[in-house]
1. Taking 35 Å as R0, compute the FRET efficiency from the Cβ-Cβ separation of Glu115 and Lys174 and round it to 0.05.
2. Ranked by Cβ crowding within 10 angstrom, fewest neighbours first, how are Lys209, Lys15 ordered?
3. Students often check this: by mean Cβ neighbours within 10 Å, which of 94-105, 149-160 ranks highest, and how do the rest follow?
4. Taking neighbour Cβ counts within 10 Å as the exposure measure, how do Lys10, Lys176 sort from fewest upward?
Amino acid sequence: MQAFKASGSKEKILKRIRKALEHKVQQPFPNIDNQSNIYSNQHQGLELQFAQSFTDLGGHFVYCDNTSELIENLTKLITERGWQNLICWDENLMQIFRENNILQIQNFNSIDKTEPSDAGITGCEFLIARTGTVTLSSQQDSGRVLPIFPPHHIVIAYSNQLVGDIKDALQSLKTKYPAQLPSLINFETGPSRTADIEKTLVVGVHGPKEIFVFLIDENSGL
């Protein structure tokens, strides 16, 4: 009897929905603007805006005028941290590291996957200036794995990958992948963190506890 009543109530609700769909309601705000940005444009450049937003979230930002500065700053970081085992899955980046004899960085495909690594190095799809967000996708060489498991994530990016907001990043992804969007799009905004445990902020719970962005001028010739 209870099942019959429940079924009857369900049918009444569905009937109301079908009736409502037959009589479309006029849009109460026909002239609403869905295209303009919600947030006002910043007068400062995207590089400065991203750097400020990113560092406010606990990220480490390094601007490089060219490839030589990238190698210099990256080598300095590796030496200061005492890292001996870094992994990278981007063949273009690996070529640069090999040419500059950075032996601590190994190709992800050539290492023992059971061995722990100090840091993972990847490229990115885009950098979102307003929120300080790194946009990643499964279409990159690093795939779904590399940005997640190492305790430190190093991103190598170029200034022509900077966009203003999330909407711009999504539109750029549609332009870059016109046939089909990547099966995974990840927006990495600062180190992984959670306050679910007794409302205490813990960093590095389900991803890297530190993230570095090395931004290279796209006119550097890299």
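Throughout, read-outs are computed from the coordinates displayed, never taken from laboratory work. All of these numbers come straight from a predicted model, not from anything done at the bench. Cβ atoms come from the backbone with ideal geometry, glycine included; neighbour counts cover every protein chain shown.
1. So, using R0 = 35 Å, E works out to roughly 0.35.
2. Ascending Cβ contact count within 10 Å gives the list Lys15, Lys209.
3. Taking the mean over residues of other Cβ atoms within 10 Å, the ranking is 149-160, 94-105.
4. The order, fewest Cβ neighbours first, is Lys10, Lys176.
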